[in-house]
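Visitor: Quick one: the structure is below, and I'll ask about it shortly.
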Amino acid sequence: PSHSPQTPPLPSPNPPAAAQRSSRKEAKMVKFLKPGKAVILLQGRYAGKKAVIVRVFEEGTRDRPYGHCLVAGLAKYPKKVIRKDSAKKTAKKSRVKVFLKLVNFTHLMPTRYTLDVDLKEVASGAPDSLTSKDKKVGAAKAAKAKLEERFKTGKNRWFFTKLRF
Amino acid sequence: IQTLAQLTPPPRRHPRAEAAADAATSPRGATMVTSTKKTKKSGDNINNKLQLVMKSGKYTLGYKTVLRTLRNSKAKLVILANNCPPLRKSEIEYYAMLAKITVHHYHGNNVDLGTACGKYFRVCCLSIIDPGDSDIINATPAGQ
């Protein structure tokens with residue numbers, strides 16, 4: 001009477017051992033709504049605008065008992081800059097207007113693009129930085145600076161082009 | 001449940017399905033009477049597996065919950081009916097691509113899929129969270 005096997009022999013394709021299932025689960029399933037993901041807003045005033053997820057509240061908070069995230073998006077996209085523009089004009093055209101918003105996941109369309117922009121100060125002040133007006137403006141300014149400098153490097157071009165619809 | 005098993009592949013012969021069925025079953029040589037889906041065998045298999053999932057596993061039916069399970073990566077397999085509107089179909093496929101979850105295109109419309117789930121309503125898309133005793137996840141890995 002050998003009592004060696006740990007898990008009782010069961011039909012192989014679906015081993016019900018919890019550890020195995022969780023490891024298979026992790027191998028198979030990928031969370032994609034993470035900070036840095038580029039998303040498109042679907043509802044609200046900023047519908048159709050692109051944004052980047054700054055901070056995720058998976059299980060929600062007491063005020064918002066649903067999964068939501070803080071996004072930093074482009075309220076106004078930078079205009080198209082051409083080579084003949086003077087430096088002053090280029091500077092003017094490259095300006096962006098940024099919004100910060102707490103958005104429900106169902107009102108976002110995730111994309112395959114990411115934008116690894118360092119928005120740590122914006123993220124850390126997250127839930128309360130959106131309550132008072134001046135904190136919000138401060139956070140938006142910080143995000144604006146970061147996004148503008150990213151646009152000037154010419155990377156993530158998709159993010160800074162307006163979605164045509 | 002016995003009657004459900006007999007009821008599952010409704011013998012609706014669509015010319016395209018017929019052509020596909022003929023192409024698929026001709027090398028077999030077996031005399032399949034009414035092969036409406038791709039091959040009668042695999043059509044049955046999906047239905048049986050779905051039945052087992054309904055009995056023993058966890059699943060959600062319907063577009064909103066399918067998106068929700070895709071978003072929080074709880075879904076293991078997503079099944080779409082063939083008359084799912086193309087925008088919705090591509091949206092679910094896109095989410096599944098991001099989350100690396102397989103999508104299975106069921107050979108039947110939402111009425112058939114609802115019947116296969118043992119429900120009396122139409123089901124356009126469903127997501128399987130926990131297959132229970134069924135091996136539906138392994139059996140359709142490349143089931144696009």
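Visitor: Return the distance in nm (one decimal) between the two label points of a simple spin-label model at A:LYS31 and A:LYS93, each offset 7 Å from Cα along Cα→Cβ.
Guide: 4.1
Visitor: How long are the semi-axes of the equivalent ellipsoid of region B:43-130, taking √(5λ) for every eigenvalue λ of the Cα gyration tensor, in whole Å from largest down? Before the final figure, lay out the partial values.
Guide: Working: eigenvalues 69, 44, 23 Å².
Semi-axis lengths for region B:43-130 are 19, 15, 11 Å.
Visitor: Within 10 Å of each residue's Cβ, count the other Cβ atoms and sort A:PHE151, B:PHE121 from fewest upward.
Guide: Taking fewest neighbouring Cβ atoms as first place, the list is B:PHE121, A:PHE151.
Visitor: Can you give the average number of partner chain beta-carbon atoms within 10 Å of each beta-carbon in peptide A:93-105, as a whole number?
Guide: Neighbouring Cβ atoms belonging to other protein chains average 0 per residue here.
Visitor: Please list the non-local residues whose amide H lies under 5 Å from the amide H of A:ARG55, H modeled 1.01 Å from N, same-chain partners needing a gap of 5 or more.
Guide: A:LEU70
Visitor: Still on this model: Near the amide H of A:ARG95, under 5 Å away, which other amide H atoms are found, from residues 5 or more places off or on another chain, if H is placed in the peptide plane?
Guide: When sequence neighbours closer than 5 places are left aside, the close amide H contacts are A:LYS79.
Visitor: How would B:MET54, A:MET109 line up from fewest to most surrounding beta-carbon atoms within 10 angstrom?
Guide: In order of increasing Cβ crowding within 10 Å: A:MET109, B:MET54.
Visitor: Karplus couplings for region B:80-86 from phi (6.51 cos²θ - 1.76 cosθ + 1.60, θ = phi - 60°), rounded to Hz, Gly and Pro as x?
Guide: 10, 6, 7, 9, 5, x, x
Visitor: How much FRET efficiency would the formula 1/(1 + (r/R0)^6) give for A:ARG45 and B:TYR120, where r is the Cβ-Cβ distance and R0 is 30 Å, rounded to 0.05?
Guide: For R0 = 30 Å, the calculated efficiency reads 0.10.
Visitor: Just to verify a number: FRET efficiency for A:GLU149 and A:ASP128, C-beta to C-beta distance, R0 = 22 Å, to 0.05? Working shown, then result.
Guide: Values: r = 26 Å, r/R0 = 1.19.
Working from the Cβ atoms, E equals 0.25.
Visitor: Taking amide H positions as placed 1.01 Å from N in the peptide plane, with prolines and chain starts having none, which residues 5 or more places from B:THR102, or on another chain, fall under 5 Å of its amide H?
Guide: Answer set, sorted by chain and number: B:VAL78.
Bear in mind these aren't lab numbers, they're just calculated from the coordinates by the rules spelled out. Since the structure is predicted, the reported quantities are computational estimates derived from the model, not experimental observations. As a convention, Cβ positions derive from the backbone with ideal geometry for all residues, glycine included, and neighbour counts pool all protein chains shown.
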